[in-house]
Amino acid sequence: MGFQEGFKKSDVVTKVCFYFVLAASFCNWIAFCTTSWIIRPDSHVGLWRSCGGYGSIEGCRPLDGAPSHVFAGTQALGIIGFMGMNIGFLLLLLFMFSSKYSGSSETKKLAGFCLILSALSWTLTIVVFICYFKVEYSHVSLGFSFGLAFCALILGFCAGIMVLFAGRGGAVNPT
């Protein structure tokens, strides 16, 4: 089944879910990979790197393997949220466009579960990250990556709930 055929055969709720998850995945990727979660006067901090001026040297340094258990936990939760969103999107694509999985209630339920799990994980990531940095540093501002992570969790959660209530997302008539 092609993209056009699968999209035409999907019900309205499934189509809306597709657009929600597409936008959530875009936000998910940018939030996960960029260094603008926290903006400090001298640097920008993300989940994986901190970039800015360090004395007379400007550049980026990795944060993976940081000695803070709280920060390592935040990274782990971010990975779960990131992967959950990607898996949920893949399952939704299979549900809508694959003749083998089209209209499969198991695929639909698993996609909804992955999207909701991703949203919950992103929620914990955001809460722990902001609490950690508000305690460690007093002069911080939230960056666009933080906002995109928040958008990803809202869109992913809404899409996960809608996927669970969606009809048959592209049932194919055998010809």
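The values are calculated or read from the model by the stated rules, or taken from the named source; none is laboratory data. All of these numbers come straight from a predicted model, not from anything done at the bench. Glycine gets a Cβ as well: all are built from the backbone with ideal geometry, and neighbour counts include every protein chain shown.
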(Q) Every residue in the stretch 14-41 that is of a type in the set (A, V, I, L, M, F, W, C) and more than 16 Å from Gly156 (Cβ to Cβ), please. (A) Cys33, Trp37, Ile38, Ile39
Q) In the stretch 69-82, which residues are in contact (Cβ under 8 Å) with a residue 12 or more places away in the chain and within 18 Å of the chain's Cα centre (by Cα)? A) Gly73, Thr74, Gln75, Leu77, Gly78, Ile80, Gly81, Phe82
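Condition check ((1) buried (at least 16 other Cβ atoms within 10 Å of the Cβ); (2) farther than 24 Å from Ile87 by Cα; (3) over 16 Å from the mean Cα position of the chain (by Cα); (4) touching a residue at least 24 places away in the same chain (Cβ under 8 Å)) across all residues:
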position	(1), (2), (3), (4)
Gln4	no, no, yes, no
Val21	yes, no, no, yes
Ala24	yes, no, no, yes
Asn28	yes, no, no, yes
Ala31	yes, no, no, yes
Thr35	yes, no, no, yes
Ile39	yes, yes, yes, yes
Q) Given the residues Gly169, Gly156, which is the only one that is of a type outside the set (A, V, I, L, M), at pLDDT 90 or above and at negative phi? A) Gly156
Q | Filtered residues of the stretch 94-121 (kept if out of contact with any Gly (no Cβ under 9 Å at 6 or more places or on another chain) and either in contact (Cβ under 8 Å) with a residue 60 or more places away in the chain or not hydroxyl-bearing (Ser, Thr, Tyr) (or both)) | A | Leu94, Lys100, Glu106, Lys109
Q: Would you check which residues across the stretch 36-63 are farther than 18 Å from Phe146 by Cβ and in contact with a helix residue (DSSP H, G or I) (Cβ under 7 Å, 6 or more places away or on another chain) and list them?
A: none
**Q.** Matching entry among Leu93, Leu164, Leu115 (being surrounded by 20 or more Cβ atoms within 10 Å (Cβ to Cβ) and either within 15 Å of Phe18 (Cα to Cα) or not aromatic (Phe, Trp, Tyr) (or both))
**A.** Leu115
(Q) Condition first: assigned to a loop (DSSP other than H, G, I, E, B) and within 28 Å of Val127 (Cα to Cα). Can you find one or more residues in the stretch 50-63 that meet it? (A) yes
